[in-house]
Amino acid sequence: MTPKPSLGFSVETLLPDARVSGPLRMGLVRLAESEWLVKAPDLATRNAAFDAHPDAVQVLPEARSAETELCDMLGVSGGIEQAARAHWEDFCILTQDAPGRPFRLTGAAVAFPTDWHLSDKMGQAVAKVHEPIDGYAEQLSAGVDRFLDGLRAPHIFGRTNAFVMPNGLWRYLPTDDPAQRFAHVTPENAGETLFVRCERETLRRLPKSQAIVFTIGVHVAPLGSLSDAGVARIAETLHGFGAGEGDRRAAPHYARALSAYAEARQRKAA
């Protein structure tokens, strides 16, 4: 597989590769080393998040050697927190208890979570980490485990997803009722009140420890800032996902507004 020049580092450039319909899939592309991480990150935003949320960093003893190897690779002094403070991406470490065993999340520095809490996931196998995703166990779990087991250094693979949100917060951890969360959104103001959030995810194996580094780079943009093609693509999620996935994303609470906005943009473009 020839490395792809880039998945992009913005919502607009990531959307073409994001899953918007059909069954769950990894949707991986191979990336060049130069396209692994954002080159000019907003470190002030990153540092503020870590300063305010010390629980955003957790490392189990079995991840310590991989943590050191990762920092050496990045040229960063310290641990995984310092690595994540120096880059736009969140870093997660996946390790095996023994060859052939499931990979587990054993270290992470996650400043910008998307509706999940690190404390709930630490120490869990990858399949358990993804348990809330509708259809993951049936459609994707076995394939993900095979891919992780077969991943070899120095190859880097990337993928992306896309979500519709009612705000542009970097940390998205809602606790309110979805109906209230999207109550302010209307077809008329959807361009300003709905946001598209993409997670640019990468996977690579560390050659010495044989752990896998999973990075998550969050990119957010107002719906109205996207091109007509970008708006049309994110609108596909309204009918492209099954009811279980749509409900998990709170789609019933913004579907009318997003659909009407997308149709208005399409008419205007025509």
Kindly list, by first and then second residue, each pair from a residue in segment 143-158 that is surrounded by 15 or more Cβ atoms within 10 Å (Cβ to Cβ) to a residue that is part of a loop (DSSP other than H, G, I, E, B) and among the small types (Gly, Ala, Ser), limited to pairs with Cβ atoms under 8 Å and residues at least 6 apart or on different chains. 156/32
Which count do you get for residues in segment 223-244 that are closer than 15 Å to residue 264 by Cβ and among the charged types (D, E, K, R)? 1
Does residue 265 satisfy the condition of being under 21 Å from residue 15 (Cβ atoms) and of a type in the set (Lys, Arg)? yes
Given (1) within 19 Å of residue 20 (Cβ to Cβ); (2) touching a Pro at 6+ places or on another chain (Cβ under 9 Å); (3) not small (Gly, Ala, Ser), where does residue 185 come up short, assuming only one miss? (1)
Count of segment 234-246 residues which are touching a residue at least 40 places away in the same chain (Cβ under 8 Å) and either touching a strand residue (DSSP E or B) at 6+ places or on another chain (Cβ under 6 Å) or over 13 Å from residue 162 (Cα atoms) (or both): 4
With respect to residue 168, determine if the residue is small (Gly, Ala, Ser) and touching an Asp or Glu at 6+ places or on another chain (Cβ under 8 Å). no
If you go through segment 135-144 one residue at a time, do you hit one that is part of a helix (DSSP H, G or I), in contact with a Lys or Arg (Cβ under 7 Å, 6 or more places away or on another chain), under 22 Å from residue 96 (Cβ atoms) and of a type outside the set (Asp, Glu)? no
So which residues in segment 56-80 are assigned to a helix (DSSP H, G or I) and either in contact with an Asp or Glu (Cβ under 8 Å, 6 or more places away or on another chain) or within 14 Å of residue 106 (Cα to Cα) (or both), if there are any at all? 56, 61, 62, 63, 64, 65, 66, 67, 68, 70, 80
Residue, surrounded by the most Cβ atoms within 10 Å (Cβ to Cβ), within segment 55-82, restricted to residues that are β-branched (Val, Ile, Thr) and closer than 23 Å to residue 116 by Cβ: 80
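On the basis of being crowded, with 22+ Cβ neighbours inside 10 Å and not in a loop (DSSP other than H, G, I, E, B), does residue 217 make the cut?
It is true that residue 217 is crowded, with 22+ Cβ neighbours inside 10 Å and not in a loop (DSSP other than H, G, I, E, B).
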Scan of segment 11-29 for residues that are exposed (fewer than 13 other Cβ atoms within 10 Å of the Cβ), on the phi < 0 side of the Ramachandran plot and either assigned to a strand (DSSP E or B) or of a type in the set (Gly, Ala, Ser) (or both), ordered by number: 21
Quick check on my filter: what residues within segment 162-192 are touching a residue at least 40 places away in the same chain (Cβ under 8 Å) and in contact with a Leu (Cβ under 9 Å, 6 or more places away or on another chain)? 162, 164, 165, 166, 182, 185, 187, 190, 191
(1) at pLDDT below 95; (2) part of a strand (DSSP E or B) all hold for residue 105 apart from (1)
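The values are calculated or read from the model by the stated rules, or taken from the named source; none is laboratory data. For clarity, every value in this text was computed on a predicted model and none was experimentally measured. Ideal geometry is used to build each Cβ from the backbone, glycine not excepted, and the neighbour counts take in all protein chains shown.
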